[in-house]
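Here is the structure we will look at.
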Amino acid sequence: SAVMQIPFMQRLDERRKAAFNAHNSAYLLSQFLHGEQGALMVAAQQVHAVPDYEAKLYAATQTMDEARHVEVFSRYIRKLAQIYPISPMLKTVIDSTLQADHWVKVCIGMQMIIEGLALGAFHNMRRSTNDPLLRQLVEYVLRDEARHVAFGHVYVAEAIRDMHPDEREDVAQFAFEAMRFMVEANGGGRRRGQMTAPDPGYASVLENSDIDPADFVRGVQEALKLL
């Protein structure tokens, strides 16, 4: 991973490097798992919420897809290390999506924003992993997710077109706020060389790898200043 390229990580002994690789991968894959769990809940909710029969059938097939993704990621992560908690940022976005007051907002939040960003993360994982099993697993998931995102774009575009302008503006504001939150939560606008403490879940990755979180933060700050 990119983290392994910073000088601090390069100075670690081989035992801690190997442990970090396993636990860091488990943490990243755990976020995929939690995203798929959120998508499973949303897809099941959409079976009831969407207004037409064909969309209900599609939501039912997506529910099955997401259930399959949850199961396969769960099995793989447990063999690798352990399942880590959901990140605070992802939890906030999924919770706000599930609690949205219109099915179009729910569809935008999950199928276009969360799953759209997940596509990029899945592509990066497929490209960077050295494990052929994980590469194949992610390839299969990518095929499903690309279809889900495409359906969201087509179906939501038609629904938004038929909305009252006030409703359309409300949906646009929801999408804007969701994207702004994710950008800010991922460090948008921070000055170069700054880093706050890792979230508790990622701190557990470091502790399970016998790496002091404070030393890790200093190491990342050191690397950022060299950019």
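Quick check: is even one residue across the range 124-140 assigned to a helix (DSSP H, G or I), over 16 Å from the mean Cα position of the chain (by Cα) and polar (S, T, N, Q)? For the range 124-140, residues assigned to a helix (DSSP H, G or I), over 16 Å from the mean Cα position of the chain (by Cα) and polar (S, T, N, Q): present.
The residue that is farthest from Pro200 (Cα to Cα), counting only those in the range 76-92 that are assigned to a helix (DSSP H, G or I) and touching a residue at least 40 places away in the same chain (Cβ under 8 Å), is Tyr76.
Give the residues of the range 156-171 that are more than 11 Å from Met112 (Cα to Cα) and surrounded by 13 or more Cβ atoms within 10 Å (Cβ to Cβ), sorted by residue number. Ala159, Ile160, Met163, Glu167, Arg168, Asp170, Val171 - these are the residues of the range 156-171 that are more than 11 Å from Met112 (Cα to Cα) and surrounded by 13 or more Cβ atoms within 10 Å (Cβ to Cβ). Looking across the range 28-45, the residues that are open to solvent by 10 Å² or more (accessible area, probe 1.4 Å), in contact (Cβ under 8 Å) with a residue 24 or more places away in the chain and over 11 Å from the mean Cα position of the chain (by Cα) come down to Leu40, Met41, Gln45.
The values are calculated or read from the model by the stated rules, or taken from the named source; none is laboratory data. Everything numeric here is computed off the predicted structure, so don't read it as measured data. Don't worry about glycine lacking a Cβ; one is built from the backbone with ideal geometry, like all the others, and counts go over all protein chains shown. When the accessible area is computed, the model is the full protein with side chains, heavy atoms only, and any ligands, DNA or RNA have been set aside. Shrake-Rupley method; radii C 1.70, N 1.55, O 1.52, S 1.80 Å.
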